[in-house]
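Notes follow once the structure below has been shown.
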Amino acid sequence: MKAIACLFVLLPLLAAAQNPCVRTTRYHRLKGLTPQSRTPADTVDECVAQCAEQPLCKAAEHFYSANIEKRVCQLYDANSQSGPKVMLVKDRPRHRGDIVTVTELLDNCQQDANDGGQPLAEEPIEKPALVDDELLRLHDAPPPADGLAYGTGPWTEWGPCTGYGYQKTQTRTRKCTAYSCGPKSETRPCQIAKWSEWGPYSPCTTSCGPGEQTRTRTCEGGPSCEGESSQTQPCSGYQPCPVWAEWTPYTPCSTTCGPGEQSRTRTCQYGTTCEGDSEETQPCSGYKPCPVWADWTPYSPCTTTCGPGEQTRTRTCQYGDSCEGDDAQTQPCSGYQPCPVWAEWSPYTPCSTSCGPGEQSRTRTCQYGTTCEGDSEETQPCTGYKPCPEWTEWTPYAPCSTTCGPGEQTRTRTCQYGDSCEGDDAQTQPCAGYKPCCEWAAWGYWGSCSATCGQGEMKRTRKCNGCYSCPDGEPVESQPCNNLPPCGGGYYRPPPPPGYKGPKGGR
């Protein structure tokens with residue numbers, strides 16, 4: 001039976017049309033058309049109502065999903081064709097519960113799919129959507145057993161269980177919006193709902209730092225189960241996200257006076273992808289002016305009343321004491337009378353020692369007389385001398401050269417600042433408190449025979465000196481006893497001595 005029904009709920013919206021009717025095909029979609037609009041619509045009725053409000057709309061395509069956010073309505077008119085042929089093709093649901101419904105608005109409720117007068121057959125469409133024989137057979141086939149015939153709303157959730165014992169049942173219903181519908185209610189025996197096994201935990205919500213992971217389970221055999229369908233737990237063993245450490249203190253200013261800069265740094269911890277700079281620079285604040293010389297003073301009077309003299313002028317270092325250059329300038333006095341005066345100092349003599357502290361001296365000569373004030377010789381300690389060779393402290397004695405018995409142990413020292421230290425660089429002494437090495441003592445006396453007649457043996461022993469057990473040999477030695485009488489009371493005749501040949505002349 002073709003899914004053709006008059007939709008009374010749309011009559012107010014379709015009042016302008018003659019005998020307004022719709023033709024609905026479920027689990028199919030339109031091919032070769034481009035929708036003129038795409039809007040949300042929870043039900044097929046809402047989608048068809050949107051089409052009826054637009055005079056040029058000829059067909060509506062409704063996508064129903066269990067997810068309410070994905071229920072949409074696409075509207076088409078005679079200008080929607082985008083391909084060479086308009087087709088109505090099967091559409092297999094991608095998810096359980098998904099339904100695609102194509103609805104055509106007909107000008108006449110008696111209009112048939114083969115009469116060529118469908119709205120989708122208008123120019124420039126070359127072929128109506130529902131004229132293909134195979135498509136007509138699909139269109140004529142009854143809807144699937146678990147599908148929704150057009151004119152019925154979706155099933156409600158299963159109601160609570162009613163009745164007694166094992167005969168409890170539950171019911172669900174649906175609304176009818178067409179001339180005729182299928183059953184409006186369904187009843188089934190109650191099922192015992194129980195949770196499925198927990199699924200595995202999902203990956204952590206974060207790649208670093210604290211996060212969560214979730215696992216879910218499904219309520220099987222009924223509408224609801226007691227308890228939660230999901231569990232969330234903090235991720236374990238996560239690694240910290242890259243984060244900047246605290247800034248270091250600012251470095252000292254790059255200059256000791258005048259404008260300068262100072263910087264500070266920070267380190268990216270737990271990785272190398274921290275956002276921002278690892279170094280920060282700022283101008284130095286509160287700097288002081290750099291030292292600078294004031295103007296020279298006038299030259300002083302001459303230092304002598306006769307002979308060469310000097311006169312000096314000075315200047316002051318402002319804002320510090322590190323101005324480059326001299327703070328005084330001296331020049332010879334002009335027009336002097338010679339006076340006794342020291343000549344220039346001679347260079348200092350070489351140091352009195354080749355290493356270690358020493359002295360060096362210099363001399364000068366009194367010119368133009370002998371009354372020069374001061375010393376004619378000057379001595380000072382040598383500077384920059386190198387240390388004389390000397391021994392370091394003795395090292396501790398090395399372990400004994402033997403593990404048992406007499407041995408030796410050695411200690412050493414090193415000659416610093418050269419190789420000419422007097423004495424030996426090593427000392428050796430006998431090891432003290434050594435333990436004896438393992439060795440066997442002499443054998444003891446043979447002990448008594450283990451028997452008085454017949455066969456027996458006797459033993460002797462020796463001790464191991466220096467340790468618990470000596471590596472080679474045994475502490476006990478045994479040998480057979482000789483010359484024992486036979487057991488049992490027989491006459492005992494001792495064996496003849498070695499080399500005995502018996503009595504002369506007979507036996």
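The values are calculated or read from the model by the stated rules, or taken from the named source; none is laboratory data. If you're wondering where the values come from, they're calculated on a predicted model, not measured in any experiment. When we count neighbours, we look across all protein chains shown, and the Cβ atoms used for this are built from the backbone with ideal geometry, even at glycine. Ligands, DNA and RNA are excluded from the accessible area calculation, which covers all protein heavy atoms including side chains. Shrake-Rupley method; radii C 1.70, N 1.55, O 1.52, S 1.80 Å.
Brief remarks follow.
- Which listed residue, of LEU88, LEU10, is modelled with pLDDT under 70 and either open to solvent by less than 20 Å² (accessible area, probe 1.4 Å) or of a type in the set (D, E, K, R) (or both): LEU10
- Restricting the stretch 68-80 to residues that are at pLDDT below 85 and over 11 Å from GLN36 (Cβ atoms), the residue that is surrounded by the fewest Cβ atoms within 10 Å (Cβ to Cβ): GLU69
- Hits in the stretch 280-313 (condition: closer than 29 Å to GLN367 by Cα and among the polar types (S, T, N, Q)): SER300, THR303, THR304, THR305, GLN311, THR312
- Conditions (1) at pLDDT 85 or above; (2) among the small types (Gly, Ala, Ser); (3) touching a Gly at 6+ places or on another chain (Cβ under 9 Å); number of the one not met by ALA451: (3)
- Candidate set from the stretch 270-316 (those that are farther than 28 Å from THR371 by Cα and free of Cβ contacts under 8 Å to residues at least 12 places away in the same chain); member that is most open to solvent (accessible area, probe 1.4 Å): GLU275
- Among the residues of the stretch 187-204, the ones that are open to solvent by 80 Å² or more (accessible area, probe 1.4 Å), at pLDDT below 90 and of a type outside the set (A, V, I, L, M) come to 4 in all.
- Residue check for GLY209: part of a loop (DSSP other than H, G, I, E, B) and in contact with a Cys (Cβ under 6 Å, 6 or more places away or on another chain): yes
- Residues that are exposed (fewer than 14 other Cβ atoms within 10 Å of the Cβ), farther than 15 Å from GLN233 by Cα and at pLDDT 85 or above within the stretch 205-221 comprise just one, THR218.
- Selection count, the stretch 347-361, where residues are touching a strand residue (DSSP E or B) at 6+ places or on another chain (Cβ under 6 Å) and either part of a loop (DSSP other than H, G, I, E, B) or open to solvent by less than 50 Å² (accessible area, probe 1.4 Å) (or both): 5
- Residue within the stretch 215-223 that is outside any strand (DSSP E or B) and without any contact (Cβ under 8 Å) to a residue 12 or more places away in the chain present: no
- Leading residue by the ranking (most open to solvent (accessible area, probe 1.4 Å)) among those in the stretch 377-390 that are in a loop (DSSP other than H, G, I, E, B) and in contact (Cβ under 8 Å) with a residue 24 or more places away in the chain: LYS386
- Answer residue from the stretch 36-58, given it is assigned to a strand (DSSP E or B) and open to solvent by less than 50 Å² (accessible area, probe 1.4 Å) and is farthest from LYS175 (Cα to Cα) among those: SER37
- Some residue of the stretch 442-457 being among the charged types (D, E, K, R), in a strand (DSSP E or B) and surrounded by fewer than 14 Cβ atoms within 10 Å (Cβ to Cβ): yes
- Here the stretch 230-257 is the region considered, the condition is being farther than 22 Å from CYS268 by Cβ and open to solvent by less than 60 Å² (accessible area, probe 1.4 Å), and the residue that is farthest from the chain's Cα centre (by Cα) is CYS257.
Yes or no, residue by residue, for (1) modelled with pLDDT of 90 or more; (2) not basic (Lys, Arg):
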position: TYR238; (1), (2): no, yes
position: CYS241; (1), (2): no, yes
position: ALA245; (1), (2): yes, yes
position: THR255; (1), (2): no, yes
position: PRO259; (1), (2): no, yes
position: ARG264; (1), (2): yes, no
position: THR273; (1), (2): no, yes
position: GLU280; (1), (2): yes, yes
position: CYS290; (1), (2): no, yes
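- When the test is whether a residue is touching a residue at least 24 places away in the same chain (Cβ under 8 Å), open to solvent by less than 70 Å² (accessible area, probe 1.4 Å) and in contact with a Phe, Trp or Tyr (Cβ under 9 Å, 6 or more places away or on another chain), CYS437 does not pass it.
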